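The values are calculated or read from the model by the stated rules, or taken from the named source; none is laboratory data. None of these values were measured; they are calculated from a predicted model. Glycine also receives a Cβ, built like all others from the backbone with ideal geometry; neighbour counts cover every protein chain displayed.
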Amino acid sequence: MDKYYKPSGRFSLIFILYFLLATAIAFPILGLIYAYCIWYIPFIYINFFITIGFGFLVGFVISVFVIKKGKVRNPLLGCIIGLAGAFLALYFHWAIWIDLVMNAGESYGSNRIGITVSNIQFLQVFSLIFRPDLVFEYIGQVNQYGTWGIRGATVSGTFLWVIWAIEFVIVAAISAFLPYLEAQKPFSESTNSWYKEITLPAFSYIENQQQIITDILAGNRDNFDLLSKDVNSETDSHSVFTLYKSKSGKNYLSIDNKTSKLDNKGNIKFDSNQIVEYIAVNNELSKILLDK
């Protein structure tokens, strides 16, 4: 048995169907929500986190619905699918946002902060989606004049292109990275199914990290017997074991150390340090972990 799990690089063509379904259903909905949030929340710092959240949602949909159900165990392909999903989701967002610009009404607020009332016209959005030439033409026009500002100054031109480029990079990077990680998870080629992922309750913090890796490879149970569940995962440093089980009889294990610390506001935070990922573990050690 291999010491560590390695993806086979295979995939099922059914992932194409799931991707098309995501393109037809999930991406337009996410693009709609994102466009309205960006339009009606006039705080650039909040919009930054909204953009990150949008990227996570797109990546999550692709990971769960396309990679997992489509049985894609090729990380590079997962990354490419994620990039394609990010581009399409952003395109839907842009078509919807452009329609909000076209239907803009009364503005409320001051020259420093305010909102403009607008709502989309569904038929208009539908026609825009199938006219990418018009969408990109309108994007160019919006860039020339701008629709929002910072400290009373309208943002347009090169600076606005830079902001939009950063937005694309954020969404694309997150949307590609999550499917890439998902495609790396253990998959049983013999049973044609993903391993069952079991996150175990928190164990005591692992001081000798190299030793536990050595023990796992040797099938030595001594360090496993010493693991304690007498730890408060809300406040104490601890370790997190994720066990991957399959009907094929093979098991894999990932271990993370969570180091407790106080931030500058006195709140408890955790630094995560991955000790090992997808290491082969025998049935005896798996049983010890599950029994604990």
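In table form, for the structure just shown:
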read-out: Failed condition for I38, given (1) surrounded by fewer than 19 Cβ atoms within 10 Å (Cβ to Cβ); (2) at pLDDT below 95; value: (1)
read-out: Among the candidates S239, S228, residue that is among the polar types (S, T, N, Q), more than 15 Å from A280 (Cα to Cα) and in a strand (DSSP E or B); value: S239
read-out: Residue satisfying condition, being of a type in the set (V, I, T), touching a strand residue (DSSP E or B) at 6+ places or on another chain (Cβ under 9 Å) and either outside the structural domain of W194 (by TED's automatic domain parsing) or closer than 30 Å to A104 by Cα (or both), within set I41, I46, I80; value: I41
read-out: Restricting region 185-206 to residues that are within 24 Å of the chain's Cα centre (by Cα) and β-branched (V, I, T), the residue that is farthest from K247 (Cα to Cα); value: T199
read-out: Test: residue in region 76-86 that is in contact (Cβ under 8 Å) with a residue 40 or more places away in the chain, surrounded by fewer than 21 Cβ atoms within 10 Å (Cβ to Cβ), of a type outside the set (D, E, K, R) and under 24 Å from C37 (Cα atoms); value: yes
read-out: Residue check, K229 loosely packed, with under 13 Cβ neighbours inside 10 Å, at pLDDT below 90 and among the basic types (K, R); value: yes
read-out: Test: residue in region 267-274 that is at pLDDT 90 or above, within 20 Å of N208 (Cβ to Cβ) and among the β-branched types (V, I, T); value: no
read-out: Test result for I14, surrounded by fewer than 21 Cβ atoms within 10 Å (Cβ to Cβ) and hydrophobic (A, V, I, L, M, F, W, C); value: yes
read-out: Subset of region 242-285 that is among the small types (G, A, S) and either assigned to a strand (DSSP E or B) or buried (at least 19 other Cβ atoms within 10 Å of the Cβ) (or both) - its residue that is nearest to the chain's Cα centre (by Cα); value: S272
read-out: Any hit, region 242-252, residues being touching a residue at least 24 places away in the same chain (Cβ under 8 Å), assigned by TED's automatic domain parsing to the domain that holds Q209 and over 29 Å from D2 (Cβ atoms); value: no
read-out: Any hit, region 47-63, residues being over 30 Å from G140 (Cα atoms), among the aromatic types (F, W, Y) and under 17 Å from the mean Cα position of the chain (by Cα); value: yes
read-out: Residue pairs meeting the criteria (Cβ under 8 Å; at least 6 apart or on separate chains; first among the basic types (K, R), in region 263-287; second surrounded by 13 or more Cβ atoms within 10 Å (Cβ to Cβ) and in a strand (DSSP E or B)); value: K269/S260
read-out: Top-ranked residue of region 199-225 - restricted to ones that are small (G, A, S) and in a loop (DSSP other than H, G, I, E, B), ranked as farthest from E284 (Cα to Cα); value: A202
read-out: Qualifying residue in region 179-188 (condition: among the charged types (D, E, K, R), buried (at least 16 other Cβ atoms within 10 Å of the Cβ) and assigned to a loop (DSSP other than H, G, I, E, B)); value: yes
read-out: So A35, is it among the small types (G, A, S), farther than 30 Å from T214 by Cα and without any contact (Cβ under 8 Å) to a residue 60 or more places away in the chain; value: no
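The rows are residues; the columns are (1) in contact with a strand residue (DSSP E or B) (Cβ under 9 Å, 6 or more places away or on another chain); (2) at pLDDT 85 or above; (3) not assigned by TED's automatic domain parsing to the domain that holds A26.
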{"residue": "G85", "(1), (2), (3)": "no, yes, no"}
{"residue": "L88", "(1), (2), (3)": "no, yes, no"}
{"residue": "I96", "(1), (2), (3)": "no, yes, no"}
{"residue": "E106", "(1), (2), (3)": "yes, no, no"}
{"residue": "S110", "(1), (2), (3)": "no, no, no"}
{"residue": "R131", "(1), (2), (3)": "no, yes, no"}
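Residue-wise test of (1) outside any helix (DSSP H, G or I); (2) among the aliphatic types (A, V, I, L, M); (3) touching a Pro at 6+ places or on another chain (Cβ under 7 Å).
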residue	(1), (2), (3)
F11	yes, no, no
F49	no, no, no
V58	no, yes, no
V61	no, yes, no
K71	yes, no, no
L77	no, yes, no
I81	no, yes, yes
G85	no, no, no
